[in-house]
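So the structure is just underneath, and the comments pick up after that.
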Amino acid sequence: MRRSAPVLIALLLFAAVPATAGAAVRHVFRGAGFGHGIGMSQYGSYGYALQGAKYEGILAHYYRGTTLSTLSPGAVRVLLQPVDPYIRVRGATSVGGRRVKPEGTYIAKRGGAGIVVTSSRGTRVANFAASSIKFRGADPMRLLGPALNGVSSGLYRGSIEVRLDGGGVTSINELDMDSYIRGVVAGEMPSSWPLEALKVQAVAARTYALSTAKSSGSFDQYPDTRSQVYRGVTGESVRSDAAVADTARQIVTYNGVPAVTYYFSTSGGQTENVEFSFIGSLSKPWLVSVPDPYDNQSPYHRWTVRFSAARLDRALGAPGAFKRLKVTERGESPRVVKAQVVGTSGTRTVTGPQVRSALGLRDTWFTDYRVASSSVRPRSARPSSWGPRLRAARVLAGSLEPAPHSHLIRVERRGAGGRWQLVQRTRTSRSGRYRVTLARSGVYRVAYGAVKGPRVRIR
């Protein structure tokens with residue numbers, strides 16, 4: 001039985017469309033959150049506070065099964081300047097037990113087997129046959145950097161200890177816990193935020209300092225993100241100080257023991273179990289995934305980053321040429337736990353944190369969308385007995401992997417002024433492949449939400 005001419009013509013046209021080899025390819029990482037995702041979300045706390053929640057309830061939400069307890073008085077030792085040729089201090093009333101003038105600037109440096117202290121004019125104040133000395137003052141003291149321009153390194157409460165260290169001296173700030181926390185809170189969270197959020201930060205920071213203090217060495221806290229951002233008196237503010245005072249000596253405990261109170265910027269809507277973000281760590285009953293419905297005030301609640309295949313190849317070290325990143329395991333949030341880097345010569349397994357570090361991503365909550373698009377110009381066909389030559393169609397074809405759940409994508413054309421305009425919507429196959437016939441020439445792309453494919457010129 002003979003097929004009708006229109007049916008055969010349609011089949012010839014379909015067969016004339018080649019595969020999309022050589023297509024333009026763009027990898028779009030669509031992600032959520034900013035940070036490791038464990039414990040308290042700062043933007044989530046901000047959102048809860050705006051909803052009227054109190055700090056006790058916010059802490060209980062992020063650190064499950066914990067209670068608030070009272071910390072016994074104690075000192076904190078914070079590294080300030082490590083192994084410098086000399087340390088300069090202004091505002092001290094004594095050094096090593098000797099009285100000095102608070103308006104003077106004093107320089108401490110290695111001198112033989114001990115520490116020598118001189119005035120800013122070079123007059124010797126004392127020569128201490130000791131490995132460490134302390135500057136003390138009635139008011140906060142100013143620590144000056146070793147540079148000759150005299151730029152201040154900060155103003156600090158408590159005492160400033162100078163210790164022999166290597167070929168130079170190291171300075172350490174020793175002070176009580178809540179004075180330390182006053183210099184931390186505004187460095188970790190904007191002081192303009194609601195007071196209840198600042199209270200959450202104060203308690204979390206105080207507990208974190210206690211539970212993660214170094215167990216050896218001459219100090220127990222770094223002044224930066226290795227511990228917490230500490231700026232001394234310079235970092236204090238009226239509102240953050242109020243938050244510290246209102247929560248004085250309060251800490252988070254689990255079964256009576258200070259909990260490790262991790263915190264971070266933005267959850268993307270849900271936090272993560274500790275073992276799924278810090279790969280290889282043991283699970284902790286208070287560090288489990290929880291919904292974070294008010295985190296959406298963050299500019300990093302959702303984010304998009306675009307990469308070329310060449311950039312991903314260099315960063316991820318695919319076997320052969322990079323093809324795609326296939327997620328094989330997700331956590332509860334769902335942050336990426338493990339993935340496979342797929343190349344032309346095989347695959348290799350990486351963790352979500354390894355991908356985040358290699359690509360500079362904000363979080364491990366991401367999906368790699370591979371968008372391939374090409375202009376496909378089918379050959380003209382003119383079967384001898386079925387009429388005139390067929391007009392060549394304009395076809396945009398390619399794939400989007402993983403395929404959208406709705407299998408619906410937008411086809412956009414670049415218009416006047418470079419603005420993209422919707423031309424039509426089309427459906428993909430189950431595997432994410434698409435093909436659409438266009439009425440006009442121009443520059444086109446496909447889009448799915450914030451995922452935008454490469455630009456392709458259709459002639």
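The values are calculated or read from the model by the stated rules, or taken from the named source; none is laboratory data. Just so it is clear, the model here is predicted, and its values are computed rather than measured. So basically every Cβ, Gly included, is an ideal-geometry build from the backbone, and we count neighbours across all protein chains shown. All accessible areas refer to the heavy atoms of the entire protein, side chains included, with ligands and DNA or RNA removed. Shrake-Rupley method; radii C 1.70, N 1.55, O 1.52, S 1.80 Å.
A few remarks follow.
- Inside the range 406-459, residues that are aromatic (Phe, Trp, Tyr) and farther than 17 Å from Ala372 by Cβ make up a count of 1.
- Within the range 252-269, restricting attention to residues that are open to solvent by 10 Å² or more (accessible area, probe 1.4 Å), in contact with a Ser or Thr (Cβ under 6 Å, 6 or more places away or on another chain) and not in a loop (DSSP other than H, G, I, E, B), the residue that is nearest to Thr207 (Cα to Cα) is Pro258.
- Qualifying position, being at pLDDT below 95 and either of a type in the set (Gly, Ala, Ser) or open to solvent by 40 Å² or more (accessible area, probe 1.4 Å) (or both), among Ser385, Ser399: Ser385
- Filtering the range 231-286 to residues that are among the acidic types (Asp, Glu) and more than 15 Å from Val184 (Cα to Cα) leaves Asp246, Glu272, Glu275.
- Of the strands (runs of 3 or more DSSP E) lying entirely inside the range 149-212, the ones with 2 or more residues being of a type in the set (A, V, I, L, M), open to solvent by less than 10 Å² (accessible area, probe 1.4 Å) and in contact with a Lys or Arg (Cβ under 9 Å, 6 or more places away or on another chain) are found at 159-165, 168-176.
- The residue list Val288, Val337, Val341 contains one member that is of a type in the set (A, V, I, L, M, F, W, C), more than 26 Å from Arg433 (Cα to Cα), at pLDDT 95 or above and not in a loop (DSSP other than H, G, I, E, B), which is Val337.
- Qualifying residue in the range 315-328 (condition: within 30 Å of Tyr48 (Cα to Cα), part of a loop (DSSP other than H, G, I, E, B) and open to solvent by less than 80 Å² (accessible area, probe 1.4 Å)): no
- Condition check for Lys284: free of Cβ contacts under 8 Å to residues at least 60 places away in the same chain, surrounded by 17 or more Cβ atoms within 10 Å (Cβ to Cβ) and either touching a His at 6+ places or on another chain (Cβ under 7 Å) or under 27 Å from Ile181 (Cα atoms) (or both): yes
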